[in-house]
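Peer 1: Handing you this structure, nothing more for now.
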Amino acid sequence: MMPDKNNSERLLVVYDGDCPLCANFVTFYSASKNAGGMELINARERPALVQELRSKGMEINEGMIVTWRGHYYYGAEGMHLLAILGNDSGVIGILNRLLFRNKKIAKAVYPLLAAGRRVMLALLRRKLIPLEIPSPPPPLPFMDEGKSSCPDGSHNADQPPLPFREKETK
């Protein structure tokens, strides 16, 4: 599913769309100028992708994931890559460059951002991204055609059931 060799120059950023810090960062941050295009992927809308990334050892609740040129960059490494590729103009670009262009500083600062995300989600009463993909509900059983759907056989399956009426008590 990721990364696609035909689109190796395209930068993919997988983030938590329910986290205002994450969503605002990826919305306002533009690395597309230097990376050949950028696609933002809300992890909450792609549970199968989240499972795939988790199977590769990348827990989305602990860090964002960036893919570029066939490689995965997780957490601080992803932010470091975005700092290198990104535009340096604007407040976010300057702040990102100061915090994440240096790998050692990025490794030290990123856990604070991840903790801030957890605090923000808790304050907003939002949950972390689920650890398992919810199973779809089981299909409803179909009634055999021509058979009554009422246990006492009181109505024909070709006709809708009559509304329920309580017996009058005197």
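Peer 1: For Ala106, are the conditions met, namely being small (Gly, Ala, Ser) and closer than 21 Å to Glu39 by Cα?
Peer 2: Considered against the rule, which asks whether it is small (Gly, Ala, Ser) and closer than 21 Å to Glu39 by Cα, Ala106 comes out as no.
Peer 1: Considering only residues that are of a type in the set (A, V, I, L, M, F, W, C) and within 17 Å of Arg118 (Cα to Cα), which ones fall in segment 59-86?
Peer 2: Those that are of a type in the set (A, V, I, L, M, F, W, C) and within 17 Å of Arg118 (Cα to Cα): Ile60, Met64, Ile65, Ala76.
Peer 1: Follow-up question, since we're still on this one. Which residue, of Leu82, Leu121, is touching a strand residue (DSSP E or B) at 6+ places or on another chain (Cβ under 7 Å) and under 20 Å from Gly17 (Cβ atoms)?
Peer 2: The conditions single out Leu82.
Peer 1: Can you tell me which condition Lys127 does not meet? The list is (1) outside any loop (DSSP other than H, G, I, E, B); (2) in contact with an Asp or Glu (Cβ under 9 Å, 6 or more places away or on another chain), and all the others hold.
Peer 2: Among (1) outside any loop (DSSP other than H, G, I, E, B); (2) in contact with an Asp or Glu (Cβ under 9 Å, 6 or more places away or on another chain), Lys127 violates only (1).
Peer 1: Applying the selection to segment 69-91, what residues are buried (at least 20 other Cβ atoms within 10 Å of the Cβ) and assigned to a loop (DSSP other than H, G, I, E, B)?
Peer 2: Within segment 69-91, Gly75, Gly86 meet the criteria.
Peer 1: Quick one: in segment 26-41, which of the residues that are part of a helix (DSSP H, G or I) and crowded, with 19+ Cβ neighbours inside 10 Å is modelled with the lowest pLDDT?
Peer 2: So the residue we want is Ala35.
Peer 1: Just checking, does segment 103-122 include any residue being outside any helix (DSSP H, G or I), surrounded by fewer than 21 Cβ atoms within 10 Å (Cβ to Cβ) and free of Cβ contacts under 8 Å to residues at least 24 places away in the same chain?
Peer 2: No: zero hits.
The values are calculated or read from the model by the stated rules, or taken from the named source; none is laboratory data. Not measured: the values here are computed from a predicted model. Quick reminder, even Gly has a Cβ in these numbers, built from the backbone with ideal geometry, and neighbours come from all protein chains shown.
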